[in-house]
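The structure appears below as structure tokens.
The values are calculated or read from the model by the stated rules, or taken from the named source; none is laboratory data. Just so it is clear, the model here is predicted, and its values are computed rather than measured. Cβ sites come from the backbone with ideal geometry, for glycine too, and all protein chains shown count toward neighbours.
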């Protein structure tokens with residue numbers, strides 16, 4: 001898939017939702033994925049049932065409050081966002097999570113514009129969720145200091161923040177298990193990416 005196609009199918013819809021994509025600008029050394037965190041790693045979050053009045057508005061408000069309070073956004077309101085590779089939608093990427101092919105998600109740098117609607121128009125793009133009010137995404141501060149995860153369940157939307165996932169013993173152990181797993185369902189590209197990151201990280205004193 002070419003750059004122009006991704007621009008048309010992915011970046012433009014996200015722009016209309018208030019998110020400017022900045023291609024090829026992910027900081028070197030960024031943790032590949034944030035899996036396996038424990039309750040002790042979580043530093044904030046919220047949940048809303050699907051029948052919550054003004055659901056999209058409440059989700060947007062609470063996400064922004066959380067993002068500001070935990071330091072997800074830098075002074076330019078930039079952060080990293082997990083987007084499906086190519087022009088896959090969020091739903092399609094979930095279907096292919098365990099097919100053993102290429103890694104379904106990649107970090108992409110983004111900037112929050114003055115007018116935005118991530119939980120409504122963003123989720124409705126199908127790249128940040130299933131549809132409006134049913135968002136699904138992972139976000140990471142540029143310095144890796146905090147990870148924010150949004151997911152949908154049977155009854156509602158859950159959002160949580162994880163402090164320093166790159167230093168979490170839970171996350172690191174999980175990534176090591178992924179590298180050691182020789183199952184045919186493991187993404188080889190993802191495994192190699194994680195292995196390189198683990199080998200190159202500087203241990204915390």
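Looking only at the stretch 146-163, which residues are surrounded by fewer than 21 Cβ atoms within 10 Å (Cβ to Cβ) and in contact (Cβ under 8 Å) with a residue 24 or more places away in the chain? If the condition is that a residue be surrounded by fewer than 21 Cβ atoms within 10 Å (Cβ to Cβ) and in contact (Cβ under 8 Å) with a residue 24 or more places away in the chain, then 149, 155, 156, 158, 160, 163 are the ones that fit. Look at (1) within 20 Å of residue 14 (Cα to Cα); (2) part of a strand (DSSP E or B) and you find that residue 127 fails only one, number (2).
Checking each residue in the stretch 5-30 for being surrounded by 15 or more Cβ atoms within 10 Å (Cβ to Cβ) and at positive phi picks out only 18. Total residues in the stretch 123-137 satisfying the condition of being crowded, with 21+ Cβ neighbours inside 10 Å and closer than 18 Å to residue 107 by Cβ: the figure is 6. When residue 194 is tested against (1) assigned to a helix (DSSP H, G or I); (2) surrounded by fewer than 20 Cβ atoms within 10 Å (Cβ to Cβ); (3) at pLDDT 90 or above, exactly one condition is not met: (2). Residues in the stretch 135-154 that are farther than 17 Å from residue 118 by Cα and at pLDDT below 95 were compared, and the one that is farthest from the chain's Cα centre (by Cα) is 154.
Considering only residues of the stretch 173-188 that are assigned to a helix (DSSP H, G or I) and either without any contact (Cβ under 8 Å) to a residue 24 or more places away in the chain or surrounded by fewer than 16 Cβ atoms within 10 Å (Cβ to Cβ) (or both), which is farthest from the chain's Cα centre (by Cα)? Taking the candidates together, the pick is 180.
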